[in-house]
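Heads up, the thing below is written out as structure tokens.
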Amino acid sequence: QVQLVESGGGLVQAGGSLRLSCAASGSIFSINAMRWYRQVPGKQREWVASVTNSGPTNYADSVKGRFTISRDSAKNTVYLQMNSLKPEDTAVYYCYFLIDLSIYWGQGTQVTVSS
């Protein structure tokens, strides 16, 4: 059984920064990919950023240049450093792990950016 635990959300003023973390634990052989998504009430979950086990990263255009995804393989943890936050970044952020070809989601963490 695999569990994902997210942390790091909160309330921040526009222009501020937050760092999200998501740690996987349990029976893990190989983590193939890690991603972050976000969701606003009434809208579909939106992909934000991804990193593979070989290292390449990708970002949604809306966050490119402001957000940075990184991973700590030894800790089975993915991070999302969010800088220059905007009110439109307000959402529940979810981490996604592809582990041993199975998909796992974090519980979600609220990020609120005030103007």
Using the structure shown, decide if ASP61 is without any contact (Cβ under 8 Å) to a residue 40 or more places away in the chain and touching a Phe, Trp or Tyr at 6+ places or on another chain (Cβ under 8 Å).
no
Looking at the range 1-22, I want the residues that are more than 15 Å from ARG66 (Cα to Cα) and have a partner that is modelled with pLDDT under 95 and in a loop (DSSP other than H, G, I, E, B) with Cβ atoms under 7 Å, at least 6 apart or on another chain. Which pairs are those?
GLN1/SER27; VAL2/SER27; VAL2/ILE28
With a cut-off of at least 3 residues that are open to solvent by 20 Å² or more (accessible area, probe 1.4 Å), name the strands (runs of 3 or more DSSP E) lying wholly within the range 9-114.
10-13, 18-26, 31-39, 46-52, 57-59, 67-72, 91-99, 102-105, 109-114
Can you name the number of the only condition in (1) touching a residue at least 24 places away in the same chain (Cβ under 8 Å); (2) on the phi > 0 side of the Ramachandran plot; (3) in contact with a Lys or Arg (Cβ under 9 Å, 6 or more places away or on another chain) that ASN76 fails?
(3)
List pairs: first residue in the range 98-110 and more than 23 Å from LEU18 (Cα to Cα), second residue open to solvent by 90 Å² or more (accessible area, probe 1.4 Å) anywhere in the structure, Cβ distance under 6 angstrom, at least six positions apart or on different chains.
ASP100/PHE29
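The values are calculated or read from the model by the stated rules, or taken from the named source; none is laboratory data. What you see is a predicted model; the values in this text were computed from it and never measured. Every residue, glycine among them, receives a Cβ derived from its backbone with ideal geometry; neighbour counts consider all protein chains shown. Please note that ligands, DNA and RNA were not included when accessible areas were found on the heavy atoms of the full protein model with its side chains. Shrake-Rupley method; radii C 1.70, N 1.55, O 1.52, S 1.80 Å.
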